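Engineer: Have a look at the structure that comes next, please.
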Amino acid sequence: MDDMAKTSTTTQGLRAAIERSGYYPALVAEAVEAAIGGETIRSYLVHQETTFDANEVRRHVTVLVLTGNRFIVSHTDEQNADTTSPTPYATTSTESVKLGRISSVVVSRVVANPESYTPGTLPREVVLTIGWGAVSRIDLEPAACGDPNCEADHGYTGNSTADDLSLRVSEAGDGPETVRQALAFAQSLSEATADVAR
């Protein structure tokens, strides 16, 4: 398959995945395509999530796109009518990150019966965490010395973790194909950031 045909197939695949999510596809596709511009899509992941907030059901879709130079993340949320709007509305945001800014790609896999795990078996759940320095989480706790009788104030100790995006997909909730796509996207992004670092 030549590059032009592959690009067309990947673009159509992304659009079809957005359509399948069933979540305001025209709005989501327009925002994502505007962010991509004329760049070639290397990989993508579309994840639609439904949450329950008290007596409300809310939907949210995240679209991740990898191009040759950038990582693009798009979020779309729906909101019920409120004091700012008499009708329900949706908010769509996109962020474009240069690949060289991505500092970490963490993939956590949850597998059942690890003692009998066979390589290539699909994990039950995947959590993809991507950091590029826009948001960091700081976990602090009181510092202590080794003396159990010491009452001195030793300040705090902790660590800072890049936590710009964390996305969880599961076989039970999202289906095996979404888990496969999450793993494939994570691998493509890891390889792309390694290429930039060279």
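The values are calculated or read from the model by the stated rules, or taken from the named source; none is laboratory data. Just so it is clear, the structure is predicted and the values come from calculations on it, not from any experiment. When we count neighbours, we look across all protein chains shown, and the Cβ atoms used for this are built from the backbone with ideal geometry, even at glycine. Remember, those area values only see protein heavy atoms, side chains included, never the ligands or the DNA or RNA. Shrake-Rupley method; radii C 1.70, N 1.55, O 1.52, S 1.80 Å.
Engineer: So which DSSP H runs in the chain come out at 18 Å plus along the axis (Cα) with average Kyte-Doolittle of at least -0.5?
Structural biologist: 176-197
Engineer: Starting from segment 81-136, pick out the chymotrypsin sites (Phe, Trp or Tyr not before Pro) whose DSSP state is loop and whose Cβ has at most 12 other Cβ atoms within 10 Å.
Structural biologist: TYR117
Engineer: Please report, for the Cα atoms of the chain, the Rg to one decimal and the Dmax as a whole number; what are they, in angstrom?
Structural biologist: So, for the chain, Rg and Dmax equal 20.4, 72 Å respectively.
Engineer: How high is the relative contact order of segment 1-98? Use alpha-carbon pairs under 8 Å, at least six apart in sequence, and give a whole percent.
Structural biologist: It comes to 22 percent, rounded to a whole number.
Engineer: For segment 24-138, what does the alpha-carbon gyration tensor say about shape, rounded, prolate or oblate, given a ≥ b ≥ c as the root eigenvalues, a/c under 1.5 as rounded, and a/b over b/c as prolate?
Structural biologist: Note, shape of segment 24-138 comes out oblate.
Engineer: Run the quick spin-label model on GLU39 and VAL196: label points 7 Å from Cα toward the beta carbon, then report their separation in nm to one decimal.
Structural biologist: 0.8
Engineer: Here is a follow-up. What percent does the relative contact order of the chain come to when contacts are Cα pairs within less than 8 Å and at least six residues apart?
Structural biologist: Working: 330 pairs, mean separation 31.7, N = 198.
Over the chain, the number comes to 16 percent.
Engineer: Here is a follow-up. Could you order GLU30, GLU78 so the one with the most accessible surface comes first? Probe is 1.4 Å.
Structural biologist: From most accessible down to least: GLU30, GLU78.
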